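This report concerns only the one structure given below.
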2 protein chains.
Amino acid sequence: MGNQNSVYIISGPAGVGKSTISQQLVKQLQQSAYISGDDISHMHVNGRQKPWESQEEINLIWSNILSLTKNFLLFKNDVVIDYVTFPSEANWLKETLTDMNVTVHYIVLWANQDILLKRDALRIPEHQMGKRCLELIQEFEDAEVSEENILDTSEFEDHDVPLIVKEILNTRKYIMV
Amino acid sequence: MGNQNSVYIISGPAGVGKSTISQQLVKQLQQSAYISGDDISHMHVNGRQKPWESQEEINLIWSNILSLTKNFLLFKNDVVIDYVTFPSEANWLKETLTDMNVTVHYIVLWANQDILLKRDALRIPEHQMGKRCLELIQEFEDAEVSEENILDTSEFEDHDVPLIVKEILNTRKYIMV
């Protein structure tokens, strides 16, 4: 053991605060990298499919996230992955990293539907998810995320982000075994 | 042969137009990905060194660029890499991709020093390179880039970007052999 690096998968539906929380979390880690799945996804310019309509596109995105994660681990960094990640994908990532002596934390941020829709409406129009926002909530409910991996942020206010980050850093139940 | 994908390395000193030209180029390719070395570099948050002062940081960045390039090639995309790339790095990338049936084009954009400094001064202050801009010009001169790989843009105007992109797409001399 010893010197074990961590990978934090920060997941959850649109509008739940993945990016805000991930970016604060990565700053709390001594040597760290931030991987935005959305940024990775948009590196694909022509020929890109919508990830939620194309398993091929999802495979490409996860190949890229995996490669970057491995490289950052090899260079002794903790890694924060900010992306809509379902349990099957988190499990695949964890299995694939088995021989790298790494702890994988899987956190599905949650909030009630009203909050999510309200936050989505506050985004600039190009970033609004609209109908897709509701579909995502349903997909997470269908995926039967383990209770242990859920972090409900409904009761938190915007200025509570440091508390949420602390909870992620100090709670062992998010670690995938 | 047949179905050979291409990798375009768009290099050159700061202010020469790498990003503008790369982003137009990637749109001209049927299935394509755009990799910004600067974006990759900034995924590293804590523990990051300035790349021009740390070979370790450079190695991390190029490991990441290489992994992404390979993945995009495996998924049948052409790849545009937008980054300060010296001949030794371009050669390493080409050698490392040898078994992937790919054509690597290496383009070092150039302009006279006055133009580069003027463009640097026009950036928002956080993005200005200042002294580093002059150092980079010197480093490219010291690296003795082959005449064949240089594309001098001094005579082009801003609205000429499509002409430069056409030149990159249609000129075989940029292909590394």
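The values are calculated or read from the model by the stated rules, or taken from the named source; none is laboratory data. In this text, all values refer to a predicted model and were calculated from it rather than measured experimentally. Here Cβ is always computed from backbone atoms with ideal geometry, including for glycine, and neighbour counts include all displayed protein chains. The accessibility values were calculated without ligands, DNA or RNA, using every heavy atom of the protein model including side chains. Shrake-Rupley method; radii C 1.70, N 1.55, O 1.52, S 1.80 Å.
Could you list, in sequence order, the residues of the range B:76-85 that are within 17 Å of residue B:40 (Cα to Cα) and touching a Phe, Trp or Tyr at 6+ places or on another chain (Cβ under 8 Å)?
Once the filter is applied, which keeps residues that are within 17 Å of residue B:40 (Cα to Cα) and touching a Phe, Trp or Tyr at 6+ places or on another chain (Cβ under 8 Å), the range B:76-85 yields B:79, B:80, B:81, B:82, B:85.
Does residue B:57 fit the bill of being at pLDDT 95 or above and on the phi < 0 side of the Ramachandran plot?
Working: at pLDDT 95 or above: yes; on the phi < 0 side of the Ramachandran plot: yes.
When the stated conditions are applied, residue B:57 passes them.
Which of the residues belonging to the range A:41-66 are buried (at least 18 other Cβ atoms within 10 Å of the Cβ), facing chain B (nearest Cβ under 10 Å) and among the polar types (S, T, N, Q)?
Passing the criteria: A:63, A:64.
Is there a residue being in contact with an Asp or Glu (Cβ under 8 Å, 6 or more places away or on another chain) and more than 17 Å from residue B:5 (Cβ to Cβ) anywhere in the range B:87-98?
Looking for residues that are in contact with an Asp or Glu (Cβ under 8 Å, 6 or more places away or on another chain) and more than 17 Å from residue B:5 (Cβ to Cβ), one finds at least one in the range B:87-98, hence yes.
Step by step: first the residues of the range B:67-93, then only those that are open to solvent by 50 Å² or more (accessible area, probe 1.4 Å) and under 16 Å from the mean Cα position of the chain (by Cα), then the one that is farthest from residue B:103 (Cα to Cα). Which residue is that?
B:88
Filter the range A:122-159 down to residues that are surrounded by 13 or more Cβ atoms within 10 Å (Cβ to Cβ), in a helix (DSSP H, G or I) and not basic (Lys, Arg), then give me how many there are.
Total meeting the criteria: 9.
Inside the range B:1-15, can you point out the residues that are surrounded by fewer than 20 Cβ atoms within 10 Å (Cβ to Cβ) and either within 13 Å of the chain's Cα centre (by Cα) or at pLDDT below 95 (or both)?
Our first condition is that a residue be surrounded by fewer than 20 Cβ atoms within 10 Å (Cβ to Cβ); within the range B:1-15, this holds for B:1-4, B:6.
The answer is B:1, B:2, B:3, B:4.
If you scan the range B:94-117, which residues turn out to be open to solvent by 10 Å² or more (accessible area, probe 1.4 Å), closer than 22 Å to residue B:158 by Cβ and touching a Leu at 6+ places or on another chain (Cβ under 8 Å)?
B:110, B:113, B:117 - these are the residues of the range B:94-117 that are open to solvent by 10 Å² or more (accessible area, probe 1.4 Å), closer than 22 Å to residue B:158 by Cβ and touching a Leu at 6+ places or on another chain (Cβ under 8 Å).
Name the pairs: first residue in the range A:52-77 and small (Gly, Ala, Ser), second residue not in a helix (DSSP H, G or I), Cβ to Cβ under 9 Å, at least 6 apart or on different chains?
Cβ pairs passing all conditions: A:54/A:48; A:63/B:75.
For residue A:162, which of the numbered conditions (1) within 15 Å of the chain's Cα centre (by Cα); (2) at pLDDT 95 or above fails to hold?
Unmet condition: (1).
Please go through (1) of a type in the set (A, V, I, L, M); (2) closer than 22 Å to residue A:13 by Cβ; (3) buried (at least 22 other Cβ atoms within 10 Å of the Cβ) for residue A:33 and return the number of the only condition it doesn't satisfy.
The single condition residue A:33 does not satisfy is (2).
How many residues does the range A:15-34 contain that are of a type in the set (A, V, I, L, M) and closer than 12 Å to residue A:168 by Cβ?
The number of residues fulfilling the criteria is 4.
Taking the range B:141-151 only, how many residues are within 16 Å of residue B:16 (Cα to Cα) and at pLDDT 95 or above?
The first filter runs over the range B:141-151 and keeps only residues within 16 Å of residue B:16 (Cα to Cα), leaving B:141, B:145, B:149-151.
Subsequent filtering for residues that are at pLDDT 95 or above retains B:145, B:149-151.
Within the range B:141-151, residues that are within 16 Å of residue B:16 (Cα to Cα) and at pLDDT 95 or above number 4.
Determine which single condition residue A:112 fails, assuming it passes every other condition in (1) modelled with pLDDT of 95 or more; (2) more than 26 Å from residue B:58 (Cβ to Cβ).
Every listed condition holds for residue A:112 apart from (1).
Report whether or not residue B:9 is of a type outside the set (S, T, N, Q) and either away from every other protein chain (no Cβ under 12 Å) or more than 24 Å from residue B:163 (Cα to Cα) (or both).
Judged against the criteria, residue B:9 is a match.
If a residue has to be more than 9 Å from chain B (Cβ to nearest Cβ) and either open to solvent by 10 Å² or more (accessible area, probe 1.4 Å) or without any contact (Cβ under 8 Å) to a residue 60 or more places away in the chain (or both) to count, how many in the range A:16-30 make the cut?
Adding up the residues that qualify gives 5.
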